[in-house]
Amino acid sequence: AAQMDASGRLWFAGGGSSIYRGARCHGEVLHLDGGAWREAGELVSPRCGLAVAADARSSSFFALGGYAGGTRYLSTAEAFDTATGKSTPIPSMGVARSGPGAAVGPDGALYVVGGSSDG
């Protein structure tokens, strides 16, 4: 999943070997720097089919849901600090979901919509 931060930098997080169940998922975080992708850190959990949302008021973006390979769908979420390259868990969503959409609203709240837990 990809997201642009408030400084105009493009970030890419997670992903996997395919879009289908059973994929090998990754936890790497990359950013586009001078026309080349650079390693920037690791997510706490490898995730395929995740959502990301940037917080324009901070140096963080959020990685939400997805699946961890096989058929294990995730309700977990984490915040990745682009300044330090560190990811920390945040409270989980109420439902495991792959393929959701997410955004940080003008009120600062994190919104997650859609997705499913059945592939």
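The values are calculated or read from the model by the stated rules, or taken from the named source; none is laboratory data. Note that the coordinates shown come from a computational prediction; the quantities given were computed from them, not determined experimentally. Positions of Cβ are backbone-derived with ideal geometry, glycine not excepted, and every protein chain shown enters the neighbour counts. Please note that ligands, DNA and RNA were not included when accessible areas were found on the heavy atoms of the full protein model with its side chains. Shrake-Rupley method; radii C 1.70, N 1.55, O 1.52, S 1.80 Å.
With all protein chains kept in place, the per residue accessible area of the range 31-113 amounts to 49 square angstrom at a probe of 1.4 angstrom. About the centre of its Cα atoms, the chain shows a dipole size close to 280 debye [charges on the beta carbon of Lys, Arg (+1) and Asp, Glu (-1) only; nearest 20 debye].
Computed over protein heavy atoms with a 1.4 Å probe, the carbon and sulfur contribution to the accessible area of the range 13-119 reaches 51%.
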